[in-house]
Structures are given as C-alpha cells and as structure tokens.
1. Answer yes or no as to whether B:Phe194 is aromatic (Phe, Trp, Tyr), crowded, with 24+ Cβ neighbours inside 10 Å and more than 7 Å from chain A (Cβ to nearest Cβ).
2. Answer yes or no as to whether B:Arg503 is farther than 29 Å from B:Glu326 by Cα, part of a strand (DSSP E or B) and in contact with a Pro (Cβ under 6 Å, 6 or more places away or on another chain).
3. Look at B:Ala421 and say whether it is small (Gly, Ala, Ser), in contact (Cβ under 8 Å) with a residue 60 or more places away in the chain and not in a loop (DSSP other than H, G, I, E, B).
4. Could you check region B:474-498 and list, in sequence order, the residues that are among the hydrophobic types (A, V, I, L, M, F, W, C) and outside any strand (DSSP E or B)?
5. I'd like the residue in region B:212-227 that is surrounded by 23 or more Cβ atoms within 10 Å (Cβ to Cβ) and in a strand (DSSP E or B) and, out of all such residues, is nearest to the other protein chains (Cβ to nearest Cβ).
6. Would you check if B:Ala275 is under 15 Å from B:Glu164 (Cβ atoms), more than 12 Å from chain A (Cβ to nearest Cβ), at pLDDT 90 or above and over 14 Å from the mean Cα position of the chain (by Cα)?
7. Please enumerate the residues belonging to region B:107-130 that are over 26 Å from the mean Cα position of the chain (by Cα) and either closer than 13 Å to B:Val69 by Cα or more than 7 Å from chain A (Cβ to nearest Cβ) (or both).
8. Take the residues of region B:289-339 that are over 26 Å from B:Gly207 (Cβ atoms) and acidic (Asp, Glu): which is modelled with the lowest pLDDT?
Amino acid sequence: MSRLGFIALLAVTVSALGASAAAHAGKISAPVHITIEARSTPQPGRLADVAVTVVSLADIPAVSIEVDLPDDLAVFSGDTHWQGPMHRSESRTLGFTLRVPEGGALIQARALARWGETTFGSTAELRFGTDPGTARHRMPRAHNGIREFPVD
Amino acid sequence: MRLLLAPAVLAVALGGCGGGGGGGGDDTRSDFALSGTVHYGDRVYGQLEEASQYGFIRTESKPVRFARVQILNADGAVVGEAATDELGMYRLTASGGRRESMRLRVLAHTVAGTPVTVKDFSANVLAAAKAFTPGTLDGPLHVAVTGDLAGAFNMLDVYAAAGEFVHERHGSFPPALTVYWQPGTTPPGGTTYFCRFCPAGIFVLGGRYMGDAITGDSDHFDDDVLLHEYGHFLEHMFGVLDSPGGSHTLFDLSQDLRLAWSEGFSSFMAGAIKAWMTERRHATLSSQDLPVSSYLDTDDGSAGGGQGLYFDFDAIAPWLRHASNESAVAKVLWNLHGDGAGMDDIWEAFSHGMPLATTAYPASLETFWDGWQASELIASPMPETLAAFAERDVRYDNDAFELDDTFDARSVVLAKGQAEAHNLFKHQLAAETDLIPFEAVAGIAYRIETYDLVNGADTYLRIKDTAGNTLEENGNAALQPDANDGCALASRIDAFMPVRADRYYVEVTRPTVTYPWAGRYGGYRLKITELPTEAPMECP
C-alpha cells in the first residue's frame, strides 16, 4: 500500500470509529476525569477566571487536586488545591483568578486518586499564548519509506 | 571477481574491526569492514524519593538488539547491510571509497526473532543515522540513540523480548508486529491502543512538543503500557479478541465480560512477560525494585516522568472482584500463574482451548475456563485452580444446591423471606437448571426475585406447579438492561397468587437469548417475599 493510501485508510478508519477509541483496545484510564478551562477569553495582562473540574467515576476514598502554576504567575483569589473523598459521579470544581502573563504560560491541573498503594493520576493543561510547536516541524524528511533522525 | 576481492581483503586487513583503515591516501573504491555497537538510552522506572510516587529514575544505556543496520553511500544507495546481535554489536562489509561521505543507518526494525517495525503515522520506518567517512575511522563506529528517538528503540526491544517469551510458550515467534509512533504526536485514536484493522498494530502516544522538549502523556518508555497492548496483540493473533474496546477503568465492577477479560488478560500478560524477563532477559527489564505484577503509566514525558497511574494487580483491594472487573480478571490469572509454573497451562487454555470455546460464545473469563476444562494438556490440580478463581469471588463451580435439577430431587423448601445463593454453573459444560420448591397459600401474593447477580449472570425465572406447567415467567425486570451491575439482568415476578395451596417451584435458568456482554455462569440470590394482604394505609 502506498503511504498516501495508508494515510487515507488511517483517516477513514479513525473517522468511522468516531471521536472515542471505541473498537480500539486502549490503555487503562484513571477513574477521575479532569478538565481545566478559562471562563472568558484570556487577554495578556488581564485577569482571567479559571475552573478546574474533577469528576469521579468511582467511589474513591482519597482524591487530591493540585494546580501547578509557573513561579511568575500570581493567583489573586480562589483555590488551587483540594483533597478529600469523592463518590461515584461526584463533581468538584476549583475556581481561581490569575493575571494572564504577556509571554504565555502553561498551567497544569492534576487529580490523583488513591486507594492504598494504588494510585491514578489524570492531568489537564491550559495554555496562555504559548505556541506548543508541532511534531511536523521537527521531523526530518522521509525518503523511500524511511524517516532518518541524525544521531551522534 | 578475483580483481574485486583482492583490495577488499586488503582493506579489511588494514581496517581491522574498525573500518576503512588510516586516513588520507587514495579514494579507490573497495570493500571495507565496519563494526561497532548500537545502544539506546532507556528510561528506568521505579519508586521516586517522594513516598508512594513512581516514575523514571534514571537513563540507562542498553543494546539495540536484532535491528537492521545499513551503510549508505553519498547517493543514498545501500552498500552494506547486517543486523545487531544480542549485545547490540554489528559487523558488516561495505563497498565504497575511503574519502566518501557515508552514513550508518539503524532501522527500528528487527530482522531476527519476532519481526517488529516501528513506523511513524505516515508508515515510514523510523531510523537513526550517523554520518562517517571510512578513511577517517580508526576504530569501531558506535551509535548512541538518545532523547525521544530512543523511545522507538525501546519499543523495539520490549516487543523483541515479548516475542521471545511467546516463542518459549508457543514454539514459534508471533507474526509481524507494527508499532505506529512518532515523537511529539498523539495517535489518531487519542491514546495508546491496539487496533485490529486501522491498520493492525499498536499505536503509541508520543507526547507533544513544548518548545524543544516533549511534554504531556507519552508511552514510548512506559513498558507496562506497551506490554499491556501487546496482550491485545496476542489475543488477536493467538486467541480471540471480542472486546468492544473503548475507555475502561480498574474500578468498574460492572464491565462487559468481554472487555473485562481482554483488559485483565492484557494487564496480566504484561506481568507474566516481565516475570519471564526477570528470569531470562533481566537486562531488558526497565522497572527497578517494583513487583512484576505492578503497572506504571507515567503521564509526563519529561525526564522526571511523573506518575499517572500505578497499581499492583497482585495486591488489589478485596472489593475488586468478579469476572466483570478487569483487575479481578488479572488477579485470577496471576493466581493461576503462581510462581510461573502455571504459565504453560494458561497459554494452553488461551491459545488452544479458548479459540474452540469461542466458536459458540464470546471471549471472556468464562470461555477461558471452558478452554481450560476442555484441554487435556493442562496439569494444574482442580482444587488449586478453583481457589485461584474463588479468591476473587468467581465461582465456576457447582453450588451447594446442585441436586435441585429435577422436581423430586430437593425436599427442603425455601422459606419466605429467606435468601439462597446459587451459581448458574454446572461442570461438564452442561446447562444449569435450578428448581427451588416453596409452599404457597391460596389468596396470598408472593414476590419472587433474583438479585445480587454477579460474574455476568443473567437469570430467567419461571413459576411451575408440581406437574411442570409454567404459571408465570420473567426474563429481565429492567426494560433495557445494559450492564453487569447486579440488577439490570435480574428477574422478578411481582405478585404470584396461587389459586390453591400447594408446593410450587421456582425454576431459574439462563435465558435462551443472551446479551454478548453478559455471561452464562454467574451467581445470583433468590428470595420469595409474602406480600401484605391489604395495602398499607397511606398518610397524607
């Protein structure tokens, strides 16, 4: 199969499967689902309200929610951490306000569920004005079906 | 031919193991010998200094085993080819000029043992290439693949070892495996997964670029995740893969039996392969001081490798049980595995017995058990085997009322308000029928119900008189049953009111038409409740 054909097959198959990984045998998911979002369009230098929401998919005796902020990013109000038990389908939201940095920033929110030695983490990210770059830009060109990366 | 060989021998003699001989001089085209090693930087994972945290603890150089190595001249033509050995060493003879700019290319593709290839999402084979000039070499040409590209060679090594494990079990290497991955990129399915047909292969999270570094969730160094997906590949190639797939978690006690089996088997297989590696390929093992039954999925591709998910399925909580929970399935298989002696039996049931059983029923822990029972080659003693299942409350065994299959067999009646626990399992793969007698009085209404269904049980309830006539029946109390949650597939007759006092029978069987996500062997409890003759007074 040509590479164009391969890519077309990949695209068609994934499209047919829908957004989820249904029909894929995927890796184990954490029993907590976390999202982070800015509640208004963030403008550099202005204040923004951010919400971190965690939904528990099981009864979990100990859940901790942490928001990891860059050192130069100040939070004006609100909570950036919480811990406690969560019931199945329970939702918990942390809200806080920060000043959107001029140069961009990455905020990571993380929920960690614990049951004894068993732990499950789930992470969500919010970017302010940061170009994450793309893999395509960094990939060397392929030739004759082989993509070579120079090494030392 | 003689003229061509003469300078080749000379060049080999001059170059020794190193290559093209001393620098300078003419650029006569001749054969030259080249040798060296290929290594990659593997990330070793274990417990971090912070208590109860796990992640990458250091980078360790490991040989790239069995990979195809090529020499290409300035025109890009392959002028020499070989494969690395167990120690990552290669030795080859190539043709070219001493001053010619060449490159040594190491493909993420194995040519010995199990064929494994790592490709990007455009189906290009990934490779590491190192430029050299034969005449300037004065020793071996070593290649060190570092950084994120090393992930491609880590996957190659993990799956090469897994193929060796299969070879010991099965007598042959598994069919070719293709891994789709590229640094800084998420697969089309959004996570790491095995796909049967899109095209067939294991798709692995490559994280994403943030500046020059890869961040976010990547799995190319998460060997436990890689081996879990390899379990699905084995299901597809040697067993039966009936799982609907999709998102799944360890804590879900009401999973589709096919999903629970597939995921539990794959988690178990990751542990079984690591147990084998500990004994036979210890150098390839990337986990340090962690139980082989543990599973770590880091969620940060950076050097620290933060912990995303960690569990040890040999030490899971007691409430994670039944064939409808993937961690319980993994634990049952781990119990059977024991000190490793049981792996041959597990493989026999999985690869030979189970495919026969699944011609009639979907792949699940039940059909694994069918395959186990049907195989004449399995040597594990039955009491220990049943105990391995019972430890997670999976009862593929006769219950305490097994003499209740006929009308005359049982004399003890079920008292109203009392409950009995039964299994819908019967040895020798026979269909199970439970006939439970009870005494009923004319004019009194009785509610008869099954409840607390476990292990994927699906009940069908009939009330019969002593002549065997069916008086009332019910399949599922729920209108749209959709889960093995203990309730959805239960049966209930709300008000059975006999016209005369007599002995009656509750007959419980599996339904004729079943759901593919449910099972045949599960357990249930039965209760008969005498309803009040008058409606209770309702307060305003």
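1. Values: aromatic (Phe, Trp, Tyr): yes; crowded, with 24+ Cβ neighbours inside 10 Å: yes; more than 7 Å from chain A (Cβ to nearest Cβ): no.
No; evaluated as a whole, the condition is false for this residue.
2. Yes; evaluated as a whole, the condition is true for this residue.
3. yes
4. Of the residues in region B:474-498, the ones among the hydrophobic types (A, V, I, L, M, F, W, C) are B:477-479, B:483, B:487-490, B:493, B:495-497.
Within region B:474-498, B:Ala477, B:Ala478, B:Leu479, B:Ala483, B:Cys487, B:Ala488, B:Leu489, B:Ala490, B:Met497 meet the criteria.
5. In this case the residue turns out to be B:Asp217.
6. Values: under 15 Å from B:Glu164 (Cβ atoms): yes; more than 12 Å from chain A (Cβ to nearest Cβ): yes; at pLDDT 90 or above: yes; over 14 Å from the mean Cα position of the chain (by Cα): yes.
Considered against the rule, which asks whether it is under 15 Å from B:Glu164 (Cβ atoms), more than 12 Å from chain A (Cβ to nearest Cβ), at pLDDT 90 or above and over 14 Å from the mean Cα position of the chain (by Cα), B:Ala275 comes out as yes.
7. Once the filter is applied, which keeps residues that are over 26 Å from the mean Cα position of the chain (by Cα) and either closer than 13 Å to B:Val69 by Cα or more than 7 Å from chain A (Cβ to nearest Cβ) (or both), region B:107-130 yields B:Leu107, B:Ala127, B:Ala128, B:Ala129, B:Lys130.
8. B:Asp339
The values are calculated or read from the model by the stated rules, or taken from the named source; none is laboratory data. Just so you know, these numbers come straight off a predicted model, no measurement behind them. Methodologically, a virtual Cβ is constructed for each residue, glycine included, from the backbone with ideal geometry; neighbour enumeration extends over all protein chains shown.
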